[in-house]
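Worksheet: one structure, shown below.
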Amino acid sequence: LFDHENITETEWSVLLLEDRRFLIHAGVDFRRACLRILRQLLTFRRIGGISTIEQQLVRTVLDDRRRTISRKIRESIVANAVSYRKRKFAILRSYLSIAYTGYRLTGVDAPAIILFGTPAAQLQQGQADFIASLLVYPMPKKIVLPVYNIWASKSPPFKSIEDVFNLFEKTDSRWVERMRRRTSYAARLRTYTIKPLYKIY
């Protein structure tokens, strides 16, 4: 059975930033992990971004944040099993529904509705890049989000990500700078990567 629906901008942003080989690996991307580890050995710097979407889902569900090899091995085994039992985009959407995106924020819909007045599936490219970037740089506790009622309000609190950056610049300039770099990186990736019209694998 195939699902012919189009991938949303938010899902595409997440794949660009978090796991570009998502559709072709089986829960563990050994090629990407080896390259990242080699880069870490050569630069003597800790390199992140080794985990696949499946591994991030498993880590979130098990709530195990220990930095141990045994945890990573168990996470990889479970991620591989999940990839064989669930469709790829069911895995992606499960992760996006429970991922930590900020203080008292769970899933990508929560910040999307609060900031832009629409569910994550309906976001435009720049907004989608912003929400996807929250998976790495979650909304800090010190930033007070506006109260927004999607049913009562006609216009969203923010029309663009620049409006968000400008408002929170004085509150947490370091977080804003990181988010600016991350969203700019996502925009650059979009220029030379083709967004798939997928069938679920």
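Name the single residue that is farthest from Val14 (Cα to Cα) among those in the stretch 162-179 being open to solvent by less than 60 Å² (accessible area, probe 1.4 Å) and part of a helix (DSSP H, G or I). Restricting to residues being open to solvent by less than 60 Å² (accessible area, probe 1.4 Å) and part of a helix (DSSP H, G or I), the top hit is Phe168. Scanning the stretch 55-92 for residues that are touching a residue at least 40 places away in the same chain (Cβ under 8 Å) and farther than 17 Å from His25 by Cα turns up just one, Thr60. Quick check: is even one residue across the stretch 132-140 modelled with pLDDT under 85 and loosely packed, with under 14 Cβ neighbours inside 10 Å? No: the stretch 132-140 contains no residue that is modelled with pLDDT under 85 and loosely packed, with under 14 Cβ neighbours inside 10 Å.
For the stretch 53-105, filtering for residues that are polar (S, T, N, Q), closer than 21 Å to Leu134 by Cα and part of a helix (DSSP H, G or I) leaves 5.
Across the stretch 63-75, not a single residue is classified as out of contact with any Leu (no Cβ under 7 Å at 6 or more places or on another chain), aliphatic (A, V, I, L, M), more than 30 Å from Val164 (Cα to Cα) and open to solvent by less than 50 Å² (accessible area, probe 1.4 Å). No other residue among Leu17, Leu42 is open to solvent by 10 Å² or more (accessible area, probe 1.4 Å), at pLDDT 85 or above and of a type in the set (A, V, I, L, M) apart from Leu17.
The values are calculated or read from the model by the stated rules, or taken from the named source; none is laboratory data. Keep in mind it's a predicted model, so treat the numbers as computed, not measured. Quick reminder, even Gly has a Cβ in these numbers, built from the backbone with ideal geometry, and neighbours come from all protein chains shown. What goes into the accessible areas is simple: the full protein's heavy atoms, side chains included, and nothing from ligands, DNA or RNA. Shrake-Rupley method; radii C 1.70, N 1.55, O 1.52, S 1.80 Å.
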